[in-house]
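The values are calculated or read from the model by the stated rules, or taken from the named source; none is laboratory data. The structure presented is a predicted model; accordingly, all values stated were derived computationally and were not measured. All Cβ positions, even for glycine, are placed from backbone atoms using ideal geometry, and neighbour counts span all protein chains on display. When the accessible area is computed, the model is the full protein with side chains, heavy atoms only, and any ligands, DNA or RNA have been set aside. Shrake-Rupley method; radii C 1.70, N 1.55, O 1.52, S 1.80 Å.
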Amino acid sequence: MATFSVRFLGCKVSHADAHAVRERLLRDGHLERDGHADVAVVNTCCVTNEALAKSRKEAARAARTHRRVYVTGCGANLGGDAFAGLPDNVHVVVRRSEETPEAVAGDVGAIGCVQSDARLDRVRAFVKVQDGCSFSCSFCVIPLVRGPSRSRPAEAVLAEVRRRVAQGHREVVLTGINLGCYRDRGAGFDLARLVREAGSVPGLARLRLSSIEINHVNDALVAALRETPTVSRHLHVPLQSGDDRVLREMGRRYASATYLRRLEPLREEVNLTSDVIVGFPTEDERAFEQTLRVAERAGLTKVHVFPYSPRPGTRTADLDAVRPEVKKERSARLRAASHAAELSRWRSKVGADDVVLVDRSGRGYGDDYSPWLVPADTPVGELVRVRGAGVTEEGILAA
Ligand code: SF4
């Protein structure tokens, strides 16, 4: 038997992939432990240079406290020399996500005793339904490191949702790189049907989507989200830029007007959050200001800002025209606007009721994924009825 720890960097798909390796090692009879252990698995991210540098740092740190370190995930699959020069106990696993648990477990070796409770998070489970992307946005390295879009059979997804609920998870997040591409043609499922059926699993309190491209926010999906009582009132819809020229050059396949038009009917009932890339090579001040305007008009309450960095193998790999200080300044402006929008949404909840899912001591999320601060003795995993009493920098204070 080996002792092991698993950590991940990056998005919810990386979280789900890390969980799959963890579950596999537990199934093989290995023992999970925080900190010092025989084996560390570091599931990495390469979405920006910064993410890759952090992944390397994490692998180097793990190499000091573990006998063997497996570097997996997007960063490992990117190739290049990101993990070169690390100690000899660091092994880079270049495999598709579906093959990674098997590759790591095969190397660690099994002892055959079965441990069944494999929870990475006690309250919220990320259930991967789709991986890869068949589009080719000019800046994006994901199709290269994760391959084309493919979907898990609906039956397997629904079985996993049922299993997570039986393990005690209250919330399930359907997760994918490009969720709207979800299809199980044989069983007649698209994402809308999957939402309806996953959301009806008995015992599930909340269902969310990790993120959805605007082109996939169609009538069928919106109806499924509205008509499934467990679906939370939150959607994360990447914008990337609000300027049509930049969007075209990014290869994003929609215009800002489409983004605004499709979200317009949802903005009153749903908390809308997004991703934006700042400092794309052809983004000038006017284009950036257009992004600020579109984010405001769409009613986005939280924007995850990614300062552009060229990724190897992409169409913009050799382009990085916007100076670092300009990227920094624009990022700060967009983050400030995002924080102001977020505070204003939180303030609108003062005096109003909500139901909070407590996911750690003293904290949780409302139905629309707004953060709440609840009394520290509220049991983790509980759904509690609250009333907004005030707002802090970290969330809404529950009365
Ligand atoms: S940014 Fe574009 S290419 Fe990258 S994962 Fe999203 S849709 Fe696919």
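Just want to confirm a number: the relative contact order over the chain, from Cα pairs under 8 angstrom separated by 6+ residues, in percent.
Dividing the mean separation by the residue count of the chain yields 11 percent.
Structure note, pairs Lys54/Lys128; Lys12/Lys54; Lys12/Lys128; Lys12/Lys302; Lys57/Lys328: Cα-Cα distances above 20 angstrom occur for Lys54/Lys128; Lys57/Lys328. Each residue of the stretch 32-42 was assigned a 3J(HN,Hα) from its phi angle through the Karplus curve 6.51 cos²θ - 1.76 cosθ + 1.60 (θ = phi - 60°); the sequence is 7, 8, 6, x, 4, 7, 5, 10, 10, 10, 10 Hz, with glycine and proline shown as x.
Projecting the Cα positions of Val294, Val270, Val246 onto the charge dipole of the stretch 182-306 (unit charges on Cβ atoms of Lys, Arg, Asp and Glu, taken about the Cα centre) puts Val270 furthest along the positive direction. For the chain, carbon and sulfur atoms together expose 50% of the accessible surface, with a 1.4 angstrom probe and every protein chain in place.
Magnitude of the charge dipole for the chain, about its Cα centre and with charges confined to Cβ atoms of Lys, Arg (+1) and Asp, Glu (-1), is about 80 debye. Taking θ as phi - 60° and the Karplus parameters 6.51, -1.76 and 1.60, the scalar couplings of the stretch 351-365 work out to x, 9, 9, 8, 10, 10, 8, 7, 10, 8, 4, x, 9, x, 10 Hz in sequence order, x denoting glycine and proline. Long-range amide H contacts for Phe189: which residues qualify at under 5 Å (H placed 1.01 Å from N, peptide plane, sequence gap of 5 or more or a different chain)? Long-range HN contacts for Phe189: Asp184.
Helical content of the chain, expressed as a calculated mean residue ellipticity at 222 nm, amounts to -10500 deg cm²/dmol (DSSP H runs of 4 or more residues, -39,500 (n - 2.57) each, divided by residue number, nearest 500). For the stretch 318-399, the solvent-accessible area of protein heavy atoms averages 53 Å² per residue (probe radius 1.4 Å; ligands and nucleic acids excluded). Contact order for the stretch 118-259, expressed relative to its length and based on alpha carbon pairs under 8 Å spaced 6+ residues apart, stands at 23 percent.
Quote the relative contact order of the stretch 331-399 in percent (integer), defining contacts as alpha-carbon pairs under 8 Å separated by 6+ residues. Rounded, it is 32 percent for the stretch 331-399. Taking all protein chains together, Met1, Met250 sort by accessible area into Met1, Met250, largest first [probe 1.4 Å]. Taking the Cα atoms of the chain, the ratio Rg/Rh between the radius of gyration and the Kirkwood radius comes to 0.96.
Here the 3J(HN,Hα) profile of the stretch 137-145, calculated from phi with Karplus coefficients 6.51, -1.76 and 1.60 at θ = phi - 60°, is 4, 5, 9, 9, 9, 4, x, 6, 8 Hz, Gly and Pro shown as x. In this structure the amide hydrogen of Gln240, modeled in the peptide plane, comes within under 5 Å of the amide hydrogens of Asp275, Val276, Ile277, none closer than 5 places in sequence on its chain. In whole percents, the pair-distance distribution calculated for the stretch 321-399 from its alpha-carbon pairs, binned every 10 Å from zero, is 19, 41, 19, 14, 6, 0.
Annotation: amide H-H contacts under 5 Å for Ser149 (H modelled 1.01 Å from N, sequence separation of 5 or more, or interchain): Cys133, Ser134. Its alpha carbons give the stretch 39-82 an Rg and a Dmax of 9.8, 29 Å. Computed with a 1.4 Å probe over protein heavy atoms only, the accessible area of Lys302 comes to about 70 Å².
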